[in-house]
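We did not get these values from a lab; they are worked out from the coordinates using the rules stated. Just so it is clear, the model here is predicted, and its values are computed rather than measured. No Cβ is skipped: glycine too gets one built from the backbone with ideal geometry, and neighbour counts run over all protein chains shown.
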Amino acid sequence: QAKAVGGNTLRFFNMEMQTSVLERAKLEGDLHQALERNELSLHYQVQVDHHDITTGVEALLRWYHPQRGWVSPATFIPLAEENGLILPIGFWVLKTACEQLAKWALQPAYAALTISVNVSSVQFQQPDFVRTVEGLLAQTQAPPSRLVLEVTESLLMSEPTRVRNTMLKLRSQGIRFALDDFGTGYSSLSYLKRLPLDELKIDQSFIRELLTDKTDAAIVDTTILLAASLGLTVVAEGVEKKEQLDWLKGHGCYHYQGYLFGRPTPIEYLFEAY
Ligand code: C2E
Ligand code: MG
Ligand code: MG
Ligand code: MG
């Protein structure tokens, strides 16, 4: 029986591998054209505080493929990082977000909202990244103090001094930094001390079973305390249930993002209910 299972598993594995290599190549070709064909768009997910006030949104990239439909960023971002397409794509994301910030700046009801933009390490480490961002802010007239750049722990590991200098330059313009997916990478806690961060985002994998898993609860609790003592805003990602919200509130976390408050949504429907 073990042999039969082994045989099946092997055949399936090979088939899968072959498809995935072909699929990957095909997807990569399609991604080259996605930008010019207007298949990329941004959806926005609200970030809410403990008074239920919307303080900002996170911009999340979407790709609508003409044949496949929606392709997850978890699939195509890593591809784009490998082949360099993340540079034009990341530029488009930043530009689109800045244009939105500039529009909001003219509307008193929205002027205080921030937009958080995910920045790939590849993109951040380009020698002209500071100039690119400054250029976009000037060109669009977006208020820099409303822009939050989300970076991941992998970036902090690469070249700490250079990364720090880049962050300091952008921060002197008023741009803020969030450390995304906190707790899932390999970064040392000493980076938290050395880098000019403003926000920690607790990864959704710790929030999911917060109410039943004691380890997750301990990690979240400790992260909240750590953020507070470092003077960082802490944001819980992936909040889906009222009970999770109550727990977080009770443990001193006052900023949230998750399906409980709203799913990522095209801009035209974002504040429909308001
Ligand atoms: P992320 O930056 O950590 O974004 C949060 C992810 O969690 C998003 O997935 C969002 O849709 C999802 N999410 C939000 N609330 C909930 C919830 O309550 N429950 C669950 N189960 N999920 C929730 P999404 O949009 O699929 O994006 C996945 C990742 O792709 C992002 O993770 C980010 O790392 C990357 N990404 C997305 N847009 C961009 C971009 O413009 N540039 C770069 N470099 N990466 C991006
Ligand atoms: Mg993010
Ligand atoms: Mg995250
Ligand atoms: Mg993520």
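Remark on LEU200: its backbone amide H falls under 5 Å from those of LEU179, THR233, VAL234, VAL235, a criterion applied only to residues 5 or more positions apart or on other chains, H modelled at 1.01 Å from N.
Look at the Cα gyration tensor of segment 160-222: its axes a ≥ b ≥ c give a/c of at least 1.5 with a/b over b/c, and that counts as prolate. Taking amide H as placed 1.01 Å from N in the peptide plane, GLY258 has its amide H under 5 Å from the amide H of GLY238, VAL239, each at least 5 places away in sequence or on another chain. Comparing Cα centroids, segment 50-118 and segment 192-209 end up 19 angstrom apart. Spherically averaged projected area of the convex hull of Cα atoms, segment 159-274: 8.8 nm².
At q = 0.13, 0.18 Å⁻¹ the log10 of I(q)/I(0) for segment 149-193 amounts to -0.26, -0.51, computed by Debye summation with a single uniform scatterer per C-alpha, solvent ignored. Segment 226-274 gives an Rg/Rh value of 1.07, both radii derived from C-alpha positions and Rh following Kirkwood. In order along segment 52-58, phi translates into HN-Hα couplings of 6, 8, 6, 9, x, 9, 9 Hz, rounded to whole numbers, per the Karplus curve 6.51 cos²θ - 1.76 cosθ + 1.60 with θ = phi - 60° and x for Gly and Pro.
PRO78 sits among other residues whose Cβ lies under 12 Å from its own Cβ, and their net charge, with Lys and Arg +1 and Asp and Glu -1, is -2. Listed by chain and number, the lysines placed with their C-alpha closer than 30 angstrom to that of LYS169 are LYS95, LYS103, LYS193, LYS201; residues fewer than eight positions away on the same chain are left out.
Rounded to the nearest whole Hz, the Karplus-based 3J(HN,Hα) values (6.51 cos²θ - 1.76 cosθ + 1.60, θ = phi - 60°) of segment 80-95 follow the sequence 5, 6, 6, 9, x, 4, 4, 5, x, 5, x, 5, 4, 4, 4, 5, with x at glycine and proline. Each 10 Å bin, from zero up to the one with the longest distance, holds this percent of the alpha carbon pairs of the chain: 6, 26, 32, 24, 9, 2, 0. Tell me whether segment 111-194 comes out rounded, prolate or oblate; compute the Cα gyration tensor, take square roots of the eigenvalues as a ≥ b ≥ c, and use a/c under 1.5 as the rounded threshold. Here segment 111-194 falls in the prolate category. GNM remark for the chain: springs join alpha carbons under 10 Å apart, and the peak mean-square fluctuation among LYS201, LYS103, LYS193 falls on LYS193. Kirkwood hydrodynamic radius of segment 36-175, from the reciprocal of the average inverse Cα-Cα distance over all distinct pairs: 15.9 Å. With one equal scatterer per alpha carbon and no solvent term, the Debye-computed log10 I(q)/I(0) for segment 119-168 at 0.17, 0.19, 0.28, 0.32 1/Å reads -0.53, -0.65, -1.18, -1.33. A simple count of charges around ASP198, restricted to other residues whose Cβ falls under 13 Å of its Cβ and scoring Lys, Arg +1 and Asp, Glu -1, yields +1. Calculated mean residue ellipticity, 222 nm, the chain: -15000 deg cm²/dmol, from DSSP H runs (n ≥ 4) at -39500 (n - 2.57) each, averaged per residue and rounded to 500. In segment 15-69, the alpha-carbon atoms span a convex hull of 114 Å³ per residue.
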